[in-house]
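Below is one structure, written out as C-alpha cells, with a few remarks after it.
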Amino acid sequence: MDAERISVAQACLAAAHDGSLSFPEIVSTLIRAGFEGYTVDYRRNSQTCYLPDGESVAMDFEPSPTGVAATFDAPEIERLVRWAQANPADYSYVAFSRKAKAAGCAGYIVSFAGRRVVYFGRTAETHVEHFPQ
C-alpha cells in the first residue's frame, strides 16, 4: 500500500480518537482514498483498513483500561449508536468505545459498499446498523 493511503488511514484513526472528525467525515475521507471498509478489534486494540484489491493497513491504538465484557448486549450497542448519531456534547469516540466494550462489543466491521456496521461480541453474536439515509 502506498504511503499516502497509509497516512490517510492513520490520520482518520487519530481523528476518531481525538474527536477532530466525525464518523461521516472519516467514512468520506477513507472512501475518497479508495478504501472499501475497516475493522476495529477491541481485544487487540487495532484497526485494519482494506482496499478492494486485498491490500490492508493494520494500526494499533491505545488500549482502554477495561476489557470486553463476556456478554454481548445488543440493545445497549444500539443505544450507544443512537448516542453517537445524535452527537451530544458528552459524546466522544473514546467514551463510545469504552461503553461498547462494557456492553460486550469485541469489535466491529464497517462496509462502505454495504452501508452498514456489524458489531460483534466474544461469542460471535452480532448487531447490524445500516448507515443513516
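The values are calculated or read from the model by the stated rules, or taken from the named source; none is laboratory data. Since this is a predicted model, take the numbers as computed values, not measurements. Don't worry about glycine lacking a Cβ; one is built from the backbone with ideal geometry, like all the others, and counts go over all protein chains shown.
Okay, here's what the table says:
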| read-out | value |
| --- | --- |
| In segment 18-43, the residues that are surrounded by 16 or more Cβ atoms within 10 Å (Cβ to Cβ), modelled with pLDDT under 95 and over 16 Å from Val117 (Cβ atoms) | Leu21 |
| Condition check for Phe120: over 11 Å from the mean Cα position of the chain (by Cα) and under 21 Å from Ala11 (Cα atoms) | no |
| Test: residue in segment 113-132 that is polar (S, T, N, Q) and under 23 Å from Ser28 (Cβ atoms) | no |
| Index of the failed condition, Ala74 passing every other in (1) free of Cβ contacts under 8 Å to residues at least 24 places away in the same chain; (2) buried (at least 16 other Cβ atoms within 10 Å of the Cβ); (3) within 28 Å of Pro88 (Cβ to Cβ) | (1) |
| Pair list, Cβ under 6 Å, 6 or more apart: segment 105-123 residue surrounded by 15 or more Cβ atoms within 10 Å (Cβ to Cβ), other residue of a type in the set (Lys, Arg) | Ala106/Arg43; Ala106/Arg122 |
| Of residues in segment 46-102 being among the hydroxyl-bearing types (Ser, Thr, Tyr) and in contact with a strand residue (DSSP E or B) (Cβ under 9 Å, 6 or more places away or on another chain), the one nearest to Phe35 (Cα to Cα) | Tyr50 |
| Residues within segment 16-36 that are within 21 Å of Gly54 (Cβ to Cβ) and among the aromatic types (Phe, Trp, Tyr), tallied | 1 |
| Total residues in segment 57-71, condition modelled with pLDDT of 95 or more and crowded, with 16+ Cβ neighbours inside 10 Å | 4 |
